[in-house]
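The values are calculated or read from the model by the stated rules, or taken from the named source; none is laboratory data. Note that the structure is predicted; figures quoted are calculated from it, not measured. Heads up, the Cβs are rebuilt from the backbone with ideal geometry, glycines too, and the neighbour counts pull from every protein chain shown.
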Amino acid sequence: MAPILTYHRVGDLPQSSPLAKLAVPAPQFEAQLRWLSRKGFHFVSLDDLRASLLGEKTLPRRSVALAFDDGLADNFEEAFPLLKAFGASGTFFIVAGRIGGTAPDGARCMGAEELRQLDAAGMAIGSHAMTHPHLAHLPREEARRELADSKAALESILGKPVRWLCYPFGSFNREVAAMAKELGYAGACSVMRDNRQSARQMYWLPRVMVMPGVSLLRFAHYLSPLYHFVHTPKNRRRWKEWL
């Protein structure tokens, strides 16, 4: 198994910004990549993780996957160079309707050429829906369009299949998960917090949200068995039917 460490913004945001609590400063991100490298962690893709969960591949004992939600330009400007420097890879979940535009807070989103550069460098591009809605709250056909249209838009830019989905706000239900599978996604990520996954969770994979200001000791906790045991009872209360 490989914990999925998840980031949103990478860079400095003013504390007045509503997204400041999701912004990991670049020096902190660099320190985390350096720590992972020094501890012998292998950076693997979500496809690698999927193959491992299905028994098709054995991952190195210390493996970790990286994910970046929302498609903000700071992911390209700040995170991407550091990933290359450490020989790491990641999956960037893109809000297809915002490509080349801005997020609700005015931050610039990545454009099509930046997505192509990420793809050419071995990064994976995934869907974060078309408009970043609460999918579980939408009428069925509208939710389906969000998943299908975003996948098609990204595939048109990249010229290759887009295999992974991340539910905006972690909003999904069994019908939405079934749609994702029907539309050809290989799997999907949730906001369920855990550093272990099972094959039955392929369309609601749990992840670890990396927050700003965490010490390296706390960061190490994210990857430890203790993190799993701490969050298991919380998950049973909130996500019992999905475990």
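Tabulated data
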item	result
Of all residues making up segment 67-106, the number that are assigned to a helix (DSSP H, G or I), under 19 Å from THR6 (Cα atoms) and not hydrophobic (A, V, I, L, M, F, W, C)	6
Residue match in segment 152-159 (condition: within 17 Å of the chain's Cα centre (by Cα), β-branched (Val, Ile, Thr) and more than 27 Å from SER63 (Cα to Cα))	no
Set PRO14, PRO27: member being surrounded by fewer than 19 Cβ atoms within 10 Å (Cβ to Cβ), farther than 19 Å from GLY122 by Cα, at pLDDT below 95 and not hydrophobic (A, V, I, L, M, F, W, C)	PRO14
Candidate set from segment 46-79 (those that are of a type in the set (S, T, N, Q) and touching a helix residue (DSSP H, G or I) at 6+ places or on another chain (Cβ under 9 Å)); member that is farthest from PRO168 (Cα to Cα)	THR58
Residues that are in contact (Cβ under 8 Å) with a residue 24 or more places away in the chain, closer than 26 Å to LEU82 by Cα and surrounded by fewer than 17 Cβ atoms within 10 Å (Cβ to Cβ), drawn from segment 120-157	ALA121, GLY122
Selection within segment 49-84 - in contact with a Ser or Thr (Cβ under 9 Å, 6 or more places away or on another chain) and under 20 Å from ALA112 (Cα atoms)	ALA67, PHE68, ASP69, LEU83
Residues (part of a helix (DSSP H, G or I), of a type outside the set (Ser, Thr, Tyr) and within 21 Å of TYR7 (Cβ to Cβ)) located in segment 205-229	LEU216, LEU217, ARG218, PHE219, ALA220, HIS221, HIS228
Within segment 104-119, tally of residues that are small (Gly, Ala, Ser) and free of Cβ contacts under 8 Å to residues at least 40 places away in the same chain	2
Answer residue from segment 178-204, given it is over 20 Å from MET1 (Cβ atoms) and small (Gly, Ala, Ser) and is surrounded by the most Cβ atoms within 10 Å (Cβ to Cβ) among those	ALA180
All positions within segment 88-113 that are crowded, with 21+ Cβ neighbours inside 10 Å and charged (D, E, K, R)	ARG98
Restricting segment 23-66 to residues that are of a type in the set (Phe, Trp, Tyr) and either over 20 Å from the mean Cα position of the chain (by Cα) or outside any loop (DSSP other than H, G, I, E, B) (or both), the residue that is nearest to THR6 (Cα to Cα)	PHE29
